[in-house]
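The values are calculated or read from the model by the stated rules, or taken from the named source; none is laboratory data. These numbers come from a predicted model, not from an experiment. Cβ atoms come from the backbone with ideal geometry, glycine included; neighbour counts cover every protein chain shown.
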């Protein structure tokens, strides 16, 4: 049982990583991306193609996939999302939901509805004994990489010119422009970063579980729950939100194996009612 | 055209629609009647989502939840009580409205764009609960055994009538609500909740009412839809494809107008019936069209038509009172000069 919960927490680190990209969108850029989960699944398919074609380990393909997804994010922001900003809540939701449906069906056409996974090689079976429990190397690696990416992201958005520019733009675009910030390019880079992070998450997802073109929306819901549980606008909060979600899901699987996601959703709803601003919410800036 | 008051014109359009709906089973083939039953159910749902999101600004992206609950309610009630299913759409409506009320605390914690995903989570929860409940048929779903004793042509006609009544209710509700104080409050709230509240619009109550109304009608329409199918399963009833269908028809037709969803649903069915069953390619085309329309022609097909005709079939537009006053004053002052 302890082992299940520890594994749940480690899966939670992956959910946190799903959430980080969405957290940048929702919390820092204050825009929505309903296709977030589909971009994750798309990255996983991309990794499958690249590893198959080059015959390399998924982890080695990671930089390339992240780079490609950065470009995709940049283009999506410039071509679609940017044109909807300042027109209310509805247009960004409609456009990104449209993208989500298109992506799902394009993947269905290209890769069929078969369930796939990325081959983790020797990493798949490797495990270490930590006291009374055995923990897989791959889940541990996911945690380490997640924490590393969270640290870098928190640094980027907390302490660099670029991070300040993003926050300034989402606070007040016109004033940011007056201060000499190329707001549209800044947002395009931030969106690129969000999808590059999602690509890293996608490769761990593909190595640890199975994916098919229809699994995107569920990833998006997990990501969203991690963001909201952790507190909107807090980067580290998303990691803890993800871990809470992972723990809840593994607790659910202890009751009935297929009940994990439902228990996760319910914990999210209860959390939303009990702590509306999330666990690590920053006080609203005025 | 100006000699007829806009309200009379709306009533006239509603009367014609009702007349057409009455005439359909008399002249159309059985196959056409079944198709129109489906169109009526889908159109009712699209009208309701448009009322909620397009007019009320509550972008509820888990709207399939009401379709599923409506369908399941009717199936379970009719099967277990061994009743004629048709009048039970009222029960579906009531259950959906109650469910709508129950989720408001969660829903209205999340504003704007977050509500979109939050409502999706709610829909997933219901789907998973149904999926794991054996008495609801679990993953396999249930069939409408209560319909077994009913003669086929009676069944088709009665399902059609129920669906047509739901559609007329939806249309009448749209016109009356949007022409009245409530519609004004709704649109004010969408444009600026703060300003609307300052003008005395009770935001939370207005939002709750519109959610309950749209949930009820969509539940009834969902029940009608699954009465045609005779079979309901969690994967299909709570599918995100429902949301894609609703969203694409409302966007293509023109979001935030009453005529828009009607045009959109007609476009959707014409495309579906002519393009045949090409599955995923069809959704890709619809998605591209919807994005194109949102970015470049936000008023949709009806908006484009309207710029040509300058004519509303179901007029709900209002003139600013000051504008009318100014014009009257100008006429008076001109008259006094003469």
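Among the residues of region A:226-265, not one is out of contact with any helix residue (DSSP H, G or I) (no Cβ under 9 Å at 6 or more places or on another chain) and in contact (Cβ under 8 Å) with a residue 60 or more places away in the chain. Somewhere in region B:106-120, is a residue closer than 13 Å to residue B:60 by Cα and away from chain A (no Cβ under 14 Å)? Checking region B:106-120: not a single residue is closer than 13 Å to residue B:60 by Cα and away from chain A (no Cβ under 14 Å). Checked across region B:11-25, the condition of being touching a residue at least 12 places away in the same chain (Cβ under 8 Å), crowded, with 23+ Cβ neighbours inside 10 Å, touching a helix residue (DSSP H, G or I) at 6+ places or on another chain (Cβ under 9 Å) and assigned to a helix (DSSP H, G or I) holds for no residue. The single condition among (1) in contact with a helix residue (DSSP H, G or I) (Cβ under 8 Å, 6 or more places away or on another chain); (2) part of a helix (DSSP H, G or I) that residue A:134 does not meet is (2). The set of residues in region A:87-111 being more than 7 Å from every other protein chain (Cβ to nearest Cβ) and free of Cβ contacts under 8 Å to residues at least 40 places away in the same chain consists of A:87, A:88. Of everything in region A:23-36 that is within 10 Å of chain B (Cβ to nearest Cβ) and either assigned to a loop (DSSP other than H, G, I, E, B) or modelled with pLDDT of 95 or more (or both), the residue that is surrounded by the most Cβ atoms within 10 Å (Cβ to Cβ) is A:33. Under the condition of being farther than 9 Å from residue B:291 by Cβ and surrounded by 18 or more Cβ atoms within 10 Å (Cβ to Cβ), the residues counted in region A:86-95 number 5. Of all the numbered requirements in (1) surrounded by fewer than 21 Cβ atoms within 10 Å (Cβ to Cβ); (2) within 30 Å of residue A:276 (Cα to Cα); (3) within 11 Å of chain A (Cβ to nearest Cβ), residue B:139 misses one, and that requirement is (2).
To keep it simple, each residue is scored yes or no on (1) under 20 Å from residue B:98 (Cβ atoms); (2) at pLDDT below 90; (3) more than 10 Å from every other protein chain (Cβ to nearest Cβ); (4) out of contact with any helix residue (DSSP H, G or I) (no Cβ under 9 Å at 6 or more places or on another chain).
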| position | (1), (2), (3), (4) |
| --- | --- |
| B:207 | yes, no, yes, no |
| B:210 | yes, no, yes, no |
| B:213 | yes, no, yes, no |
| B:219 | yes, no, yes, no |
| B:247 | no, no, no, no |
| B:253 | no, no, yes, no |
| B:268 | no, yes, yes, no |
| B:280 | no, yes, no, no |
| B:286 | no, yes, no, no |
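At least 2 residues being within 14 Å of the chain's Cα centre (by Cα), in contact (Cβ under 8 Å) with a residue 40 or more places away in the chain and surrounded by 22 or more Cβ atoms within 10 Å (Cβ to Cβ) is the threshold, and among the helices (runs of 4 or more DSSP H) wholly inside region B:212-295 those reaching it are B:240-253, B:259-275.
Quick check, is residue A:72 within 14 Å of another protein chain (Cβ to nearest Cβ), more than 30 Å from residue B:189 (Cα to Cα) and crowded, with 17+ Cβ neighbours inside 10 Å? In short, no. Within region A:75-86, the residues that satisfy the criterion of being assigned to a helix (DSSP H, G or I) and more than 8 Å from every other protein chain (Cβ to nearest Cβ) are A:75, A:76, A:77, A:78, A:79, A:81, A:82. For region B:142-157, indicate whether the set of residues that are free of Cβ contacts under 8 Å to residues at least 12 places away in the same chain, surrounded by fewer than 17 Cβ atoms within 10 Å (Cβ to Cβ) and within 30 Å of residue A:226 (Cβ to Cβ) is non-empty. Within region B:142-157, not a single residue is free of Cβ contacts under 8 Å to residues at least 12 places away in the same chain, surrounded by fewer than 17 Cβ atoms within 10 Å (Cβ to Cβ) and within 30 Å of residue A:226 (Cβ to Cβ). Annotation for region A:102-124: at least one member residue is within 18 Å of the chain's Cα centre (by Cα), surrounded by 20 or more Cβ atoms within 10 Å (Cβ to Cβ) and under 28 Å from residue B:110 (Cβ atoms).
Out of A:71, A:61, A:44, I need the residue that is farther than 30 Å from residue A:250 by Cα and either in contact with a strand residue (DSSP E or B) (Cβ under 9 Å, 6 or more places away or on another chain) or not in a loop (DSSP other than H, G, I, E, B) (or both). Which one? Result: A:71 is the single residue among A:71, A:61, A:44 that is farther than 30 Å from residue A:250 by Cα and either in contact with a strand residue (DSSP E or B) (Cβ under 9 Å, 6 or more places away or on another chain) or not in a loop (DSSP other than H, G, I, E, B) (or both). State yes or no: is residue A:179 over 18 Å from residue A:25 (Cβ atoms) and either over 17 Å from the mean Cα position of the chain (by Cα) or crowded, with 20+ Cβ neighbours inside 10 Å (or both)? In short, yes.
The residue list B:184, B:171 contains one member that is touching a helix residue (DSSP H, G or I) at 6+ places or on another chain (Cβ under 8 Å), in a helix (DSSP H, G or I) and modelled with pLDDT of 85 or more, which is B:171. For region B:296-316, a residue qualifies if it is within 11 Å of another protein chain (Cβ to nearest Cβ) and either assigned to a loop (DSSP other than H, G, I, E, B) or over 28 Å from residue A:78 (Cα atoms) (or both), and exactly one does: B:298.
Of the candidates B:94, B:83, B:52, the single residue that is touching a residue at least 24 places away in the same chain (Cβ under 8 Å), out of contact with any strand residue (DSSP E or B) (no Cβ under 6 Å at 6 or more places or on another chain), surrounded by fewer than 21 Cβ atoms within 10 Å (Cβ to Cβ) and under 23 Å from residue B:205 (Cα atoms) is B:94. Residue pairs whose Cβ atoms lie under 6 Å apart, separated by 6 or more positions or on different chains, with the first residue in region A:17-32 and in contact (Cβ under 8 Å) with a residue 24 or more places away in the chain and the second assigned to a loop (DSSP other than H, G, I, E, B), are A:25/A:31; A:25/A:33; A:27/A:232; A:27/A:233. Against the numbered list (1) exposed (fewer than 15 other Cβ atoms within 10 Å of the Cβ); (2) in a helix (DSSP H, G or I); (3) more than 10 Å from chain A (Cβ to nearest Cβ); (4) touching a helix residue (DSSP H, G or I) at 6+ places or on another chain (Cβ under 8 Å), residue B:102 comes up short only at (4). Checking the stated criteria, residue B:62 turns out not to satisfy the condition of being surrounded by fewer than 23 Cβ atoms within 10 Å (Cβ to Cβ), within 12 Å of chain A (Cβ to nearest Cβ), under 15 Å from the mean Cα position of the chain (by Cα) and not in a helix (DSSP H, G or I). Pick out, from region A:195-286, the helices (runs of 4 or more DSSP H) lying fully within it that include 1 or more residues that are closer than 24 Å to residue A:108 by Cα and within 13 Å of chain B (Cβ to nearest Cβ). Qualifying helices (runs of 4 or more DSSP H): A:216-230, A:260-274.
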